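Here is the structure we will look at.
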Amino acid sequence: MISLRTLLPRAFIRLMNRLYLTSRYDVKLHANVFASRNTVFEGKNVVYNNTTIYDSTIGYGTYISNNSHVRFVRIGRYCAIGDNLMTYLGLHPTKEFVSIHPAFFSLKKQAGFTFTDQRRFDEHTYVDAEKKYVAQIGNDVWIGNNVMIFDGVTVGDGAIIAAGSIVTKNVEPYSIVAGVPAKMIRKRFDEETIVFLLEFKWWDKSYQWLQEHHVQFSSIGEFIKAFRQHRA
């Protein structure tokens, strides 16, 4: 049986998907954006020009800037992601194997051929038991331009990744990292404040709650004073 999807032009299907996302979830996709049908948007998202999103989850209020490649990544809420984010980088063997070429260990035929009839090396490292996501980015994370995030990396809530960084290891919550490979520069707040924010989880509050209390977000001191007794 031939499905309706196979009969319709691909461009028409993409257009209908855009209209659905816009009307249902208030998602805006700019020019030359591809989002696979298995990608989940929580709502109020913007994806800028020439960006590809494949089988990922994009949290509420998160935006992704130009020329980014987001594949098999779980991204939290209220994240600000700069241009040229690269994920799903993959691995090559550096020990034991004679060659790094995937024709000797992969079935994917990256060069158009393969010598093996079985997978002999794990090309990707996942952050979840179901092997759906190769990286996880927390809530309230700022990622600068031209950042690469390796497979198996978890970026904690509230973290900042400086432009041009290559992230090869997990990033602690509310830390600022930079460099190649990325290393911690400092924490954004003291440990007591970080614990409060991680327990309070303001990103789980309703849109209306955030509208009502947005003024307190201008001062971490005032924020804690206002909500210390109202942790989630």
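The values are calculated or read from the model by the stated rules, or taken from the named source; none is laboratory data. Worth saying up front: this structure is predicted, and the values here are computed from it rather than measured. Here the Cβ positions follow ideal geometry from the backbone for every residue, glycine too, while neighbour counts run over all protein chains shown.
Filtering segment 29-52 to residues that are at positive phi and either crowded, with 20+ Cβ neighbours inside 10 Å or of a type in the set (F, W, Y) (or both) leaves nothing. Select, from Q118, Q110, the only residue that is more than 30 Å from N145 (Cβ to Cβ), part of a loop (DSSP other than H, G, I, E, B) and out of contact with any Cys (no Cβ under 6 Å at 6 or more places or on another chain). Testing whether each residue is more than 30 Å from N145 (Cβ to Cβ), part of a loop (DSSP other than H, G, I, E, B) and out of contact with any Cys (no Cβ under 6 Å at 6 or more places or on another chain) leaves just Q118.
Kindly indicate whether any position in segment 166-183 is part of a loop (DSSP other than H, G, I, E, B), free of Cβ contacts under 8 Å to residues at least 24 places away in the same chain and under 13 Å from the mean Cα position of the chain (by Cα). No, segment 166-183 contains no residue that is part of a loop (DSSP other than H, G, I, E, B), free of Cβ contacts under 8 Å to residues at least 24 places away in the same chain and under 13 Å from the mean Cα position of the chain (by Cα). Residue check: G156 meets all listed conditions (1) closer than 24 Å to D55 by Cα; (2) assigned by TED's automatic domain parsing to the domain that holds S65; (3) touching a residue at least 60 places away in the same chain (Cβ under 8 Å) but one, namely (3).
If you check F115, F105, F72, which single one turns out to be crowded, with 20+ Cβ neighbours inside 10 Å and out of contact with any strand residue (DSSP E or B) (no Cβ under 9 Å at 6 or more places or on another chain)?
Numbers: F115 fails: crowded, with 20+ Cβ neighbours inside 10 Å; F72 fails: out of contact with any strand residue (DSSP E or B) (no Cβ under 9 Å at 6 or more places or on another chain).
From the options F115, F105, F72, the qualifying one is F105.
The residue pairs whose first member lies in segment 113-142 and is at positive phi, whose second member is among the hydroxyl-bearing types (S, T, Y), and whose beta carbons are closer than 6 Å, counting only pairs six or more residues apart or on different chains, are D140/Y78.
For the subset of segment 75-102 comprising residues that are among the charged types (D, E, K, R) and under 20 Å from V153 (Cβ atoms), which member is surrounded by the most Cβ atoms within 10 Å (Cβ to Cβ)?
First, pick out the residues of segment 75-102 that are among the charged types (D, E, K, R): 77, 83, 95-96.
Now narrow it down to the ones that are under 20 Å from V153 (Cβ atoms): 77, 83.
On the way: R77: 23, D83: 19.
Restricting to residues being among the charged types (D, E, K, R) and under 20 Å from V153 (Cβ atoms), the top hit is R77.
Answer yes or no: is there a residue in segment 118-132 that is among the hydrophobic types (A, V, I, L, M, F, W, C) and under 21 Å from G59 (Cα atoms). Yes.
Give the residues of segment 86-97 that are at pLDDT below 95 and aliphatic (A, V, I, L, M), sorted by residue number. I'd like the intermediate steps shown before the answer.
To start, the set of residues in segment 86-97 that are at pLDDT below 95 comprises 88-97.
Result: L89, L91.
Specify the residue that is surrounded by the most Cβ atoms within 10 Å (Cβ to Cβ); the eligible residues are those in segment 184-232 that are in a strand (DSSP E or B) and charged (D, E, K, R). Out of the qualifying residues, it is K187. Is it true that some residue in segment 193-210 is modelled with pLDDT of 95 or more, acidic (D, E), farther than 27 Å from Y54 by Cα and outside the structural domain of Y60 (by TED's automatic domain parsing)? Scanning segment 193-210 turns up at least one residue that is modelled with pLDDT of 95 or more, acidic (D, E), farther than 27 Å from Y54 by Cα and outside the structural domain of Y60 (by TED's automatic domain parsing). Being outside any loop (DSSP other than H, G, I, E, B), among the small types (G, A, S) and at pLDDT 95 or above is the filter here, so list the residues in segment 29-85 that pass it. Listed by number, the list holds a single entry, A80.
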